1. Going highest first, how would you order 115-121, 102-108 by mean Cβ packing within 10 Å?
2. Going through the cross-link list Lys50/Lys253; Lys72/Lys199; Lys72/Lys111; Lys222/Lys308; Lys222/Lys266, which pairs have a Cα-Cα distance over 24 Å in this structure?
3. About the Cα centre, and with charges only on the beta carbon of Lys, Arg (+1) and Asp, Glu (-1), how big is the dipole of the range 35-328? Nearest 20 debye, please.
4. Could you order peptides 273-280, 246-253, 262-269 by the average number of other Cβ atoms within 10 Å of their residues, highest first?
5. Out of these labelled values of semi-axes √(5λ) of the Cα gyration tensor in Å, [x] 28, 24, 20; [y] 30, 24, 19; [z] 34, 23, 19, which was calculated from the coordinates shown here?
6. Just how far, in whole angstrom, is the range 64-142 from the range 146-211 if you go by their alpha carbon centroids?
7. Name the GluC sites (Glu not before Pro) in the range 1-89 that are in a loop by DSSP and that have at most 14 other C-beta atoms within 10 Å, would you?
8. Residue by residue, what Karplus-based ³J(HN,Hα) values in Hz, rounded to whole numbers, does the range 172-185 have, using 6.51, -1.76 and 1.60 with θ = phi - 60° and x for Gly and Pro?
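Where a number appears in this text, it was derived from the coordinates with a stated rule and is not lab data. What you see is a predicted model, and the numbers here were worked out from it, not measured in a lab. Glycine also receives a Cβ, built like all others from the backbone with ideal geometry; neighbour counts cover every protein chain displayed.
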Amino acid sequence: MDAILSGRRMRRNRRTDWSRRMVRETRLSVDDLIWPLFVVDGNGVTEPVKSMPGVERFSVDLAVRAAERAAKLGIPALALFPNTDPDLRDDHGSEALNPENLICRACRAIKAEVPEIGLITDVALDPYTSHGHDGLLEGEEIVNDATVARLVAQALVQAESGADMIAPSDMMDGRIGAIRRGLDAHGFTHVQIMAYSAKYASAFYGPFRDAVGTNKTLIGDKRTYQMDPANTEEAIREAALDIDEGADMIMVKPGMPYLDILARLKTTFGLPTFAYQVSGEYAMIEAAAANGWIDRDRAMMESLIAFKRAGADGVLTYFAPFVAEMLKAGA
């Protein structure tokens, strides 16, 4: 009653579409989108990822076509991930250092035909190891420093192939500084680093591991190097270290369950901060929509607005091409 008597009516600004648009605080644009792509061997090959409806693995030639589509839609960058032939995986992740591996070939092919699009490459050993871990395994331990040395070599191979941005997802200590020094020493001072600064040991990664073929190879779990989902202050310390070591951008992964972490990192550091809407988040929306339980397009857009509202400068999302199409159509 006090609100009525005082004349305060919050609903007035919500009454019409034009008014809602005028007072909208958070906006999503195509510039906010990064499209993760899965690459597979072969020519003219597309393979559906069963646990991620609507997502496919592309052979290198078709990854180029996907890059052309992204460029036409205005998507700024692609994040590339390989599904490596099991015969090429070994205990040391040797294929990660091969300049002819899937990611390196994809980088060169895309840059040759779509030079204007940004290429973000994942630095971690899990798509290349027979045990499915992000680092080198000695006994039952993922060894840190030996892994970091290999990650530097992996980053250099990717930079030489045309990667614009290196995104270390391994969560080894000290890897950002080591990669920055390695890139600079070899003349790649222009190559950016997006650090997976707060990457949690999450239950939401299952479909991604299907897509890159590590679900069947992973021995044990990754809790000795990925973050405990219960921790917040640790994320602040992780990001501070990565920034001090030379990260140009930081990332929170997964996204939606960790909006509080995203908001805190953005508020604390003010650095360009990104979220990864991971495979499990994507799959949940698609599965619920397929069952008629939610409106897929509205849920998709609402989830991305939530990232922006929490402070994200951009989002890695498998929805990127669909969202870009909707934005282009004026949705």
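1. Numbers: 115-121: 18.3, 102-108: 23.7.
Taking the mean over residues of other Cβ atoms within 10 Å, the ranking is 102-108, 115-121.
2. Details: Lys50/Lys253 22 Å; Lys72/Lys199 31 Å; Lys72/Lys111 15 Å; Lys222/Lys308 29 Å; Lys222/Lys266 26 Å.
Cα-Cα > 24 Å for Lys72/Lys199; Lys222/Lys308; Lys222/Lys266; rest within.
3. Values: 27 positive and 43 negative charges, 180 e Å.
Value, rounded to 20: 860 debye.
4. Numbers: 273-280: 26.1, 246-253: 23.6, 262-269: 19.5.
With the highest mean Cβ count within 10 Å placed first, the list reads 273-280, 246-253, 262-269.
5. Correct label is [z].
6. Rounded to whole Å, the Cα centres lie 11 Å apart.
7. Details: sites: Glu25, Glu56, Glu68; in loops: Glu25.
Filter output for the range 1-89: Glu25.
8. After applying 6.51 cos²θ - 1.76 cosθ + 1.60, I find 6, 6, x, 6, 5, x, 5, 5, 4, 5, x, 4, 5, 5 Hz.
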